[in-house]
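Only one structure is covered here, and it is reproduced in the block below.
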Amino acid sequence: MLSSGRTVSSRLLRPASWLPLWQGSEGRTASTVQKELIKKWELEKDELRPLYMDFQATTPMDPRVLDAMLPYQVNYYGNPHSRTHAYGWESETAMETARKQVADLIGADPREIIFTSGATESNNIAIKGLARFYQTKKRHIITTQTEHKCVLDSCRVLEAEGFSITYLPVQKNGLLDLELLEASIRPDTSLVSVMTVNNEIGVKQPIKDIGKICRSKGVFFHTDAAQAVGKIPINVTDWKIDLMSISGHKIYGPKGVGALYVRRRPRVRLEPLQNGGGQERGLRSGTVPTPLTVGLGAACSIAQQEMEYDHQRVSMLANRLIEKILSEIPDVTMNGDPEQRYAGCINLSFAYVEGESLLMALKDVALSSGSACTSASLEPSYVLRAIGADEDLAHSSIRFGIGRFTTEEEVDYTAEKCITQVRRLREMSPLWEMVQEGIDLKSIKWTQH
Amino acid sequence: MAASTRSQVISLYRMMLKESNKFPSYNYRTYALRRVRDAFRANGKIEDPKAVERLMEEGQRTLALIQRQVSIGQMYKSQRTVVE
C-alpha cells in the first residue's frame, strides 16, 4: 500500500499508525518523517520541567529501590505462592526477605506484616476488618477529624452499617487532646484510629501516649503511619500499636504496594475484606506482587539506614525555606504545632492571597494546597478547618514537601518565586490594600442580608 | 591504613563521583554526589583493616549499582528542571 512517491527505504519501517505525523505524509520519505519526529522530540526536551516540592503526595523512587526490583520484573517472575518449583521458591524467598525488612524498620515480627496494595487498603482492612470481627460485642469506634479521607470514609461506611463513630476534634495546634480521648472511650469501644504524622500539616500525634491509654482500657489501637514510617523512628512494641498502615510510595518505594502491621500478641483479629486463595494469613487473598514487595522492602531497609542522615538534611532544608519566606513577607502563618511535627511537611498560610492563584503563579514548582486526593476541589481543606483556621486562611494555604532528593537550589528557587508572587498578588488584592489602610477585615459586613 | 589501601580507597571514591556525575536526572545526580562525599567523609577516620575492607566491598557494590542506574536513566531521559 505504498504510495508511488515513497522510496524503498520506507518499506523497511513498519507502518506506525499510532504516530499522528505518519498520516498525511504522502510523498515524503520515511526518513524525512523520522527526522521530523526526532526534531520534535528534541524540541520537547528543551522545555523545562517544574521542580518537585510535593513529597507528601508521592516520592520519586530511590534508584537503589529500582535496582532491587528490576531482577524480579525481568527474570524471577515466579508466583511466590507456587510450592512445587524453583521459580516459586525464589520469589517466595524474596518476598519473605522484604517482609523482614519492613518488620525490622518498625520493630515487629515478620509474621505480623501483611502486604497490601497501599495505605488506603491497609486502613480499610484495619478499620472495617476489626470493627466487623468484634461487632457482636463492640460497636463504637473513635477517630479524629484530621484523618486521611480513606479512614474517614471507612468510618462512614461503618456508620451506615450501624456502628457509632466518634470523630474527635483536635486542638488549635493539630494535636489530639489526650484527656478528651480518654473520656471518649466507652465500654463498647473496639478501636481507636489516629494517624501518626498528618499528611497536610505534618503534625506528629502523641502516639506513644495514645497507645498507653488504649492498652490500659483494653481498646485496639490503629495508626495510619503512611507519612511517618521511615521518616521518624517507630517501634510498635514501645508505642503499643496494634495495627499500623504503611505505604510504599511515600518512602521512595514503588506505587501500588503497602503493608499492614497486625499484632500477634495480644492477638488482633480481623475479618478479611478480600476473599480467595488465603494468602497473607487469609487476611488479604490474592497473589502477592513480588517485585513491588521487594521494592517496599528495599525502601524500608534504605529508610532505616538513612533515617538520621535524611532527617538532618530535611530539617536543614525546611528551616532554610521557612526562614527565607518568613523573613521576607509579613502575615504568613505556619499551620500545625511548631514542635511536634515532621520537618519535611511545611504548611503555610499566606494571608490575603488566594492559595489557588498562588499555585497557578508558581507553576514552575510542583506544589499543592493540601492532600492530592482533594486537590481537584476548590473547597478549603477540612484538616485546616478542623484546627480552627479561619476560612480565608484555609483558602490561602500551601503545602511544601521536602524530601531526600531536594536540593538547596530548589529550596532557594521556591522561596524566591514564592516571595515575588505573594508580593505581586497582594499588590493586586483589594483586601491587602484595606489592611494597609488599617481597616479590620473582620469588621466588614460583606453581604446585605 | 596502609598506603596501598589508601590509594584504593581514593580511587574508588573518584570512580564513584565520576559515575554519579553521569546521572541525567538532576535530583538523582546531586543526591548521589552528596551521599558519596558524605559517606566517605563520615568513614574517613576508620582505621580497622577489617572494617575498611567491608566498606570497600560495599562501595564496589554501590559503584556497580550507580553504573546500572545511570544506564537506565540515560535510556529514559526527560527534560531538565527549572533550576538546572
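Considering every residue in A:417-423, what mean count of other chain Cβ atoms within 10 Å of its Cβ is obtained? Don't jump to the answer; show the numbers that get you there.
Working: counts 1, 0, 0, 0, 0, 0, 0.
Counting Cβ atoms of other protein chains within 10 Å of each residue's Cβ and averaging gives 0.
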**Study point:** Over chain A: helical MRE at 222 nm, DSSP H runs n ≥ 4 each giving -39500 (n - 2.57), nearest 500
**Key:** -13000 deg cm²/dmol
Check your understanding: Label A:THR237 and B:GLU57 with points 7 Å out from Cα along Cα→Cβ: what is the distance between them in nm?
Key -> 2.9 nm
Check your understanding: For segment A:303-431, rounded, prolate or oblate, judged on the Cα gyration tensor with a ≥ b ≥ c (square roots of eigenvalues), a/c < 1.5 rounded, else prolate if a/b > b/c?
Key -> prolate
**Study point:** Prolate/oblate/rounded label for segment A:51-177 (Cα gyration tensor, a/c 1.5)
**Key:** oblate
Check your understanding: Along segment A:76-91, what does the Karplus equation 6.51 cos²θ - 1.76 cosθ + 1.60 (θ = phi - 60°) give for ³J(HN,Hα), rounded to whole Hz, x for Gly and Pro?
Key -> 8, 9, x, 7, x, 9, 6, 9, 9, 8, 5, 4, x, 4, 5, 5
Check your understanding: For segment A:263-420, what is the accessible area per residue in Å² when the probe is 1.4 Å?
Key -> 41 Å²
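Looking at chain A, identify the longest residue range that excludes and avoids all GluC sites (Glu not before Pro) in DSSP loops having at most 15 other Cβ atoms within 10 Å. Intermediate values should be presented prior to the final figure.
On the way: sites that count: A:GLU26, A:GLU47, A:GLU161, A:GLU339, A:GLU437.
Of all site-free stretches, the longest is A:162-338.
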Review point. Given the pairs A:LYS128/A:LYS231; A:LYS137/A:LYS212; A:LYS128/A:LYS208; A:LYS128/A:LYS217; A:LYS231/B:LYS18; A:LYS240/B:LYS50, which span a C-alpha to C-alpha distance of over 32 angstrom in this model?
Key: A:LYS240/B:LYS50
Check your understanding: Using protein heavy atoms only (no ligands, DNA or RNA), what is the total accessible area buried between B and A, 1.4 Å probe, nearest 100 Å²?
Key -> 2200 Å²
Check your understanding: Counting only residues 5 or more places away or on other chains, whose amide H sits under 5 Å from the amide H of A:THR166 once H atoms are built in the peptide plane?
Key -> A:ILE141, A:ILE142, A:THR143
Practice item. Project the alpha carbons of segment A:256-319 onto their principal axes and report the range along each, largest first, in whole Å. Key: 48, 31, 18
Review point. Counting only residues 5 or more places away or on other chains, whose amide H sits under 5 Å from the amide H of A:GLY370 once H atoms are built in the peptide plane?
Key: A:ARG399
Point to revise | All-pairs Cα distance distribution in segment B:15-75, expressed in whole percent, bin size 5 Å | key: 4, 19, 26, 22, 14, 9, 5, 1, 0
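Under a Cβ-only charge scheme (Lys and Arg +1, Asp and Glu -1), can you give me the dipole magnitude of segment B:19-71 about the Cα centre, in debye to the nearest 20?
Charge dipole, segment B:19-71, about its Cα centre: 260 debye, nearest 20.
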Exercise for review: Take each of the peptides A:311-320, B:71-80, average the number of other beta-carbon atoms within 10 Å over its residues, and list them starting from the highest.
Suggested key: A:311-320, B:71-80
Revision key, fill the gap. Per its Cα gyration tensor (rounded if a/c is under 1.5, else prolate when a/b beats b/c, else oblate), the protein assembly as shown is best filed as rounded
Check your understanding: Residue-wise, which Karplus ³J(HN,Hα) couplings in Hz belong to segment A:321-335, taking 6.51 cos²θ - 1.76 cosθ + 1.60, θ = phi - 60°, and x for glycine or proline?
Key -> 5, 4, 4, 4, 5, 5, 6, 9, 10, x, 6, 10, 10, 9, 8
Practice item. May I ask for the distance between the Cα centers of segment A:77-137 and segment A:355-430, given as a whole number of Å? Key: 37 Å
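Using a Förster distance of 45 angstrom, determine the FRET efficiency expected from the C-beta separation of B:ARG37 and A:GLN171, and round it to 0.05.
On the way: r = 43 Å, r/R0 = 0.95.
So, using R0 = 45 Å, E works out to roughly 0.55.
Let me have the 222 nm mean residue ellipticity of chain B computed from DSSP H runs of 4+ only, each contributing -39500 (n - 2.57), with the sum over all residues rounded to the nearest 500. Don't skip to the end; give the middle numbers.
Working: 3 runs with 62 residues, N = 84.
The helix-only estimate for chain B comes to -25500 deg cm²/dmol at 222 nm.
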Check your understanding: When the Karplus curve 6.51 cos²θ - 1.76 cosθ + 1.60 is applied with θ = phi - 60°, which whole-Hz ³J(HN,Hα) does each residue of segment A:384-391 get, with x for Gly and Pro?
Key -> 5, 5, 5, 8, x, 5, 4, 3
Exercise for review: Note down the accessible area of A:LYS128, probe 1.4 Å, to the nearest 10 Å².
Suggested key: 30 Å²
Revision key, fill the gap. Within 10 Å of the Cβ of an average residue in B:27-36, the count of other chain Cβ atoms is 4
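List the relative contact order of segment A:65-302 as a percent without decimals, with contacts defined as Cα pairs under 8 Å and 6+ residues apart. Numbers along the way, then the final one.
Numbers: 480 pairs, mean separation 68.8, N = 238.
It rounds to 29 percent for segment A:65-302.
Rounded to the nearest 0.05, what FRET efficiency do B:THR5 and A:ARG83 give with R0 = 41 Å and r taken as the Cβ-Cβ distance? Could you check? Intermediate results must be reported in sequence, preceding the final value.
Working: r = 47 Å, r/R0 = 1.16.
FRET efficiency, B:THR5 to A:ARG83: 0.30.
With N denoting the number of residues in segment A:65-302, provide Rg(C-alpha) divided by 2.2 N^0.38 Å, to two decimal places. Write out the running numbers ahead of the final one.
Numbers: Rg = 17.7 Å, N = 238, 2.2 N^0.38 = 17.6 Å.
Relative to the rule-of-thumb radius for its length, segment A:65-302 sits at 1.00.
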Study note, to complete from the structure: For chain A, whose charge dipole is built from +1 on Lys and Arg Cβ atoms and -1 on Asp and Glu Cβ atoms, the candidate among A:ALA57, A:GLY256, A:GLN227 with its Cα farthest towards the positive end is A:GLY256
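Quick one: with all protein chains in place, what share of the accessible area of chain A is carbon or sulfur, to the nearest percent (1.4 Å probe)? Write down the numbers at each step before the final one.
Working: 11110 of 20960 Å².
Carbon-and-sulfur percentage of accessible area, whole number: 53.
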Check your understanding: Got a sec? Charge dipole of chain A, +1 on Cβ for Lys and Arg, -1 for Asp and Glu; which of A:MET428, A:VAL157, A:ASN199 is way out at the positive end?
Key -> A:VAL157
Point to revise | segment A:341-362 residues near the modelled A:LEU431 label - backbone nitrogen below 17 Å, point 7 Å along Cα→Cβ | key: A:348-361
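Roughly speaking, what is the stretch gain from A:THR29 to A:ASN75, that is 0.36 nm per residue apart minus the C-alpha to C-alpha distance, in nm to one decimal? Numbers along the way, then the final one.
Numbers: separation 46, 0.36 × 46 = 16.56 nm, distance 3.99 nm.
Value of the extension gain: 12.6 nm.
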Point to revise | Estimated dipole of the protein assembly as shown in Debye, rounded to 20 [Cβ of Lys and Arg +1, of Asp and Glu -1, Cα centre] | key: 1800 debye
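The values are calculated or read from the model by the stated rules, or taken from the named source; none is laboratory data. Since we're looking at a predicted model, the values are computed, not measured. Don't worry about glycine lacking a Cβ; one is built from the backbone with ideal geometry, like all the others, and counts go over all protein chains shown. SASA here: full protein model, heavy atoms, side chains in, ligands and nucleic acids out. Shrake-Rupley method; radii C 1.70, N 1.55, O 1.52, S 1.80 Å.
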